[in-house]
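Notes follow once the structure below has been shown.
The values are calculated or read from the model by the stated rules, or taken from the named source; none is laboratory data. Predicted, not measured: the structure shown is a model, and the values here were computed from it. Note that each Cβ is placed from the backbone with ideal geometry, even for glycine, and that neighbours are counted across all protein chains shown. Areas reflect the complete protein model, heavy atoms only, side chains present, ligands, DNA and RNA absent. Shrake-Rupley method; radii C 1.70, N 1.55, O 1.52, S 1.80 Å.
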Amino acid sequence: MAALPSVAVIIPAFNAAPFLRRAVESVWATEYPHLQVAIIDDGSRDETVAVARQLCAEAPGRCRLLEHGDGGHHGVSATRNLGLANTDSAWVAFLDGDDTYLPNRFACLTRDAPYLAATDAIYGLTRMHFDGAPPPETVGWWSSTGDDLFGIREPLTDAALLARMLLGVTWHTGAITVRRWLLDSTGGFDPEKRIAEDCDLWFRIAAIGKVVPDDLSQPISRYHRHDSNTYAYRIEHRVPMVLAMLDAWR
C-alpha cells in the first residue's frame with residue numbers, strides 16, 4: 001500500500017450543490033489509499049461552497065476547498081488549472097462536480113511497477129447515466145454502437161491512438177489518469193476554451209506522452225446527464241472540437 005503513488009482528484013464545481021456530495025463520496029468509495037481531493041468553486045451562486053466546506057471538514061487533511069481570488073466565475077479550464085497549481089501528487093485525475101467514479105477507478109495504479117514506470121497516462125471507459133429521460137435527439141451521440149459506454153473501445157497507443165482521437169473520439173474527463181509532469185509539460189487546460197477544452201488537452205498529452213488503455217472490459221466512471229449540464233450536444237458545439245482537432249493536426 002505504501003508503494004502506491006499519490007493521486008490528486010481535481011473537482012471543479014459551479015452551482016453543483018445538489019450533486020457534490022455524491023461526487024466526493026464516490027472518490028472515497030474507490031478506497032484508494034493515497035488521495036488528495038481538491039474541490040474548486042467557480043463562483044457558484046448556490047450552496048456549493050457550504051457543501052464543500054462540510055465535505056472537507058469530514059475528511060481533514062485529505063480534502064480542501066479552493067476558490068478564485070476574486071470569487072468570480074472563470075470557467076472550467078481556469079478552475080481545473082487552479083486545482084492543479086495547488087496540489088502536488090504524482091498523478092492527477094479529474095471529476096466534474098456532478099459526475100461520479102466507480103469503485104474500480106484507480107485499479108490501474110495498482111499494477112506492477114514496470115508497467116507504471118513506462119506509462120504517462122491511462123484512459124478508460126465511462127458509463128452514461130441519465131437523471132431523467134434524455135431528449136430523443138441527443139441519444140447515442142457518445143457511442144456509435146448504441147450502448148451506454150463513452151470512450152475509446154480498442155486498446156490503442158502511440159500514433160494509432162492519436163489518429164483515432166483526431167477522428168473525434170476521446171475519453172471522458174472522469175476516465176483519464178495522468179502523470180503531473182505530463183500536464184505541466186503540455187500547459188494544462190486552455191483558459192480561453194470552454195467547449196472541447198478537455199479534448200484540446202488530451203490531444204496534446206497523447207502527442208508527447210505514453211498514453212495506454214485501462215481494462216476496457218468495464219467502465220471506471222459515470223457521466224451524469226441532467227437538465228443543468230454545462231455541455232449540451234448541439235451542432236454548434238462541434239465547432240470547437242473540430243478547431244481543437246485542426247490545432248492538433250498542425
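Compute the convex hull volume of the Cα atoms of segment 1-132, divide it by the residue count, and report the result per residue in Å³ as a whole number.
117
For segment 25-84, what does the accessible surface come to per residue with a 1.4 Å probe? Please give it in Å².
Heavy-atom SASA per residue in segment 25-84 reads 46 Å².
Per DSSP H run of n ≥ 4, the term is -39500 (n - 2.57); total these for the chain, divide by its residue number, and report the mean residue ellipticity at 222 nm rounded to 500 deg cm²/dmol.
Mean residue ellipticity, 222 nm, calculated: -8500 deg cm²/dmol.
Do you know the relative contact order of segment 1-74, to the nearest whole percent, from alpha carbon pairs under 8 angstrom that are 6+ apart?
RCO, segment 1-74: 35 percent.
Write out the chymotrypsin sites (Phe, Trp or Tyr not before Pro) in segment 141-205 meeting two conditions: DSSP loop, and at most 13 other Cβ atoms within 10 Å of their Cβ.
W141
In units of 2.2 N^0.38 Å, what is the alpha-carbon radius of gyration of segment 171-231?
Output field value: 1.25.
Answer with a single label: of (i) 7, 32, 40, 19, 2; (ii) 8, 30, 36, 21, 4, 0; (iii) 7, 28, 32, 21, 10, 2, 0, which was calculated as P(r) over Cα pairs in 10 Å bins from 0, in percent from the structure in view?
It is the one labelled (i).
Taking the full set of protein chains and a 1.4 angstrom probe, give the accessible area of E31 in square angstrom, rounded to the nearest 10.
150
Just by accessible area at a 1.4 angstrom probe, what is the order of D46, D99 from largest to smallest?
D46, D99
Take the solvent-accessible surface of the protein heavy atoms, probe 1.4 Å, and return the percent of it on segment 58-106 that carbon and sulfur atoms account for.
It is 50 percent, rounded to a whole number.
When only alpha-carbon atoms are used, what values of Rg and Dmax, in angstrom, describe segment 79-124?
Spelled out, the Cα radius of gyration and Dmax of segment 79-124 are 12.5, 35 Å.
Calculate how large, on average over all directions, the projected area of the Cα convex hull of segment 22-95 is; give the answer in nm² to one decimal.
Its Cα hull, projected and averaged over all orientations, spans 5.0 nm².
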